[in-house]
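Worksheet: the structure to be examined is printed underneath.
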């Protein structure tokens, strides 16, 4: 651990996005249904990656929801540490190198028996994305991988919903929550995506209801799924009573937050041209947390989050452009 405590310690998927632009014929040849999102076993992912490489250019870009958020927070000046599991392979080395280039501390020992997680993204000529994810080593993160001293000292512990499903990393996250709460630290949790909620909603709802989360990030649809209600106002009423700070993003309609009875709403930051909305939620959380680290109030934190989200959607990719380059293979 460094001489100064980290501002944010995050736990999440250590994933590398493997991107390729391919036509519908390639999807048909490889048996991939256009526009779908599904999980792949290691062998399935290996076969699809091989076909992608044989048919044209492929780009490799480190990703993962919490890791993307740390990239934005670090760019805004926060001292960050990431805890996530990679494999002992080339993609794991690439992931670590990019984190270090962003001055994010990352030293979770790699696993030899599992590959680094991959999200295989096929972009069709019409712009539609087909995503096939192989979690690989990321789902083997154990409590032994935690840097308990860093968690105790950090201002915030940040967790992502994608990693909450599998039992092993969920145990690691529960242990991290115990450590942070015992030290009086704040726990921030992002629901990540609506696809991450089915099958884990009940355990997440219990975590929130039991006071395991201080700051909850969600969009309106995710909040409704989480609260098991139909309308955003119902979700807001329920969730804001369970966490000290509820942060809700509303796309082009802006964002809102409720903290200890204070309600603040802001419009979306202006965007000259929307290119790729993939990283909007991750970077909103980055801007909000970085502002909280500085001591900004609720409105200032929301506005910083909105600006960060507006910036990232003007280019392809889920991380800030500054200080970050993609790796081509």
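The values are calculated or read from the model by the stated rules, or taken from the named source; none is laboratory data. No experiment lies behind these values; they were computed from the predicted model shown. Cβ coordinates were reconstructed from backbone atoms using ideal geometry, including for glycine residues, and neighbour counts include every protein chain displayed.
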task = Take segment 13-54 and flag every residue that is without any contact (Cβ under 8 Å) to a residue 24 or more places away in the chain and assigned to a loop (DSSP other than H, G, I, E, B).
result = 31
note = The residue that is surrounded by the fewest Cβ atoms within 10 Å (Cβ to Cβ), considering only those in segment 246-271 that are part of a strand (DSSP E or B) and under 21 Å from the mean Cα position of the chain (by Cα), is 256
Residues located in segment 56-104, provided they are within 18 Å of residue 115 (Cα to Cα), part of a loop (DSSP other than H, G, I, E, B) and free of Cβ contacts under 8 Å to residues at least 60 places away in the same chain = 88, 89
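Matching residues to (1) touching a strand residue (DSSP E or B) at 6+ places or on another chain (Cβ under 8 Å); (2) surrounded by 16 or more Cβ atoms within 10 Å (Cβ to Cβ); (3) without any contact (Cβ under 8 Å) to a residue 12 or more places away in the chain; (4) outside any loop (DSSP other than H, G, I, E, B):
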{"residue": "108", "(1), (2), (3), (4)": "yes, yes, no, no"}
{"residue": "114", "(1), (2), (3), (4)": "yes, yes, no, no"}
{"residue": "119", "(1), (2), (3), (4)": "yes, yes, no, yes"}
{"residue": "132", "(1), (2), (3), (4)": "yes, yes, no, yes"}
{"residue": "138", "(1), (2), (3), (4)": "yes, yes, no, yes"}
{"residue": "149", "(1), (2), (3), (4)": "no, no, no, yes"}
query = For residue 86, are the conditions met, namely being under 16 Å from residue 138 (Cα atoms), buried (at least 21 other Cβ atoms within 10 Å of the Cβ) and in contact with a helix residue (DSSP H, G or I) (Cβ under 6 Å, 6 or more places away or on another chain)?
reply = yes
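Go through segment 162-173 and count every residue that is surrounded by 15 or more Cβ atoms within 10 Å (Cβ to Cβ) and free of Cβ contacts under 8 Å to residues at least 12 places away in the same chain. Explain how you work it out, then say what you get.
Of segment 162-173, the ones surrounded by 15 or more Cβ atoms within 10 Å (Cβ to Cβ) are 162-166, 169-170, 172-173.
Those left that are additionally free of Cβ contacts under 8 Å to residues at least 12 places away in the same chain: none.
Residues that pass the stated criteria total 0.
Step by step: first the residues of segment 290-302, then only those that are touching a helix residue (DSSP H, G or I) at 6+ places or on another chain (Cβ under 8 Å) and assigned to a helix (DSSP H, G or I), then the one that is surrounded by the fewest Cβ atoms within 10 Å (Cβ to Cβ). Which residue is that? I'd like the intermediate steps shown before the answer.
First, the residues of segment 290-302 that are touching a helix residue (DSSP H, G or I) at 6+ places or on another chain (Cβ under 8 Å): 290-293, 296, 300-302.
From what's left, assigned to a helix (DSSP H, G or I): 290-293, 300-302.
Values: 290: 25, 291: 24, 292: 25, 293: 21, 300: 16, 301: 25, 302: 25.
Filtering first and then ranking leaves 300.
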ask   = What tally of residues in segment 175-193 results from selecting those that are buried (at least 23 other Cβ atoms within 10 Å of the Cβ) and out of contact with any strand residue (DSSP E or B) (no Cβ under 7 Å at 6 or more places or on another chain)?
value = 0
task = Return the residue satisfying two criteria in turn: it lies in segment 151-161 and is touching a residue at least 40 places away in the same chain (Cβ under 8 Å) and surrounded by fewer than 22 Cβ atoms within 10 Å (Cβ to Cβ), and of such residues it is nearest to residue 245 (Cα to Cα).
result = 155
remark   = Selection from segment 46-67 of residues buried (at least 17 other Cβ atoms within 10 Å of the Cβ) and within 21 Å of the chain's Cα centre (by Cα) yields 60, 61, 62, 63, 64, 65, 66, 67
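Out of segment 212-236, which residues are outside any helix (DSSP H, G or I), touching a residue at least 24 places away in the same chain (Cβ under 8 Å) and farther than 19 Å from residue 163 by Cα? If you could, list the steps in order and put the result at the bottom.
Applying the first criterion (outside any helix (DSSP H, G or I)) to segment 212-236 yields 212-219, 228-231.
Pick out the ones that are also touching a residue at least 24 places away in the same chain (Cβ under 8 Å) and you get 212-219, 228.
Scanning segment 212-236 gives a single hit, 228.
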ask   = Could you say which residue among 287, 281 is at pLDDT below 90, in a helix (DSSP H, G or I) and either surrounded by 16 or more Cβ atoms within 10 Å (Cβ to Cβ) or under 15 Å from the mean Cα position of the chain (by Cα) (or both)?
value = 281
key: Output for segment 183-206, where each listed residue is part of a helix (DSSP H, G or I) and without any contact (Cβ under 8 Å) to a residue 12 or more places away in the chain   = 202, 206
note = If we keep only residues of segment 208-235 that are closer than 15 Å to residue 159 by Cβ and out of contact with any strand residue (DSSP E or B) (no Cβ under 8 Å at 6 or more places or on another chain), then the residue surrounded by the fewest Cβ atoms within 10 Å (Cβ to Cβ) is 210
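Give the residues of segment 245-255 that are in contact (Cβ under 8 Å) with a residue 40 or more places away in the chain and within 19 Å of residue 69 (Cβ to Cβ), sorted by residue number. Walk me through how you get there before you give the answer.
Within segment 245-255, the subset in contact (Cβ under 8 Å) with a residue 40 or more places away in the chain is 245, 247, 249, 254-255.
Answer for segment 245-255, where residues must be in contact (Cβ under 8 Å) with a residue 40 or more places away in the chain and within 19 Å of residue 69 (Cβ to Cβ): 245, 247, 249, 255.
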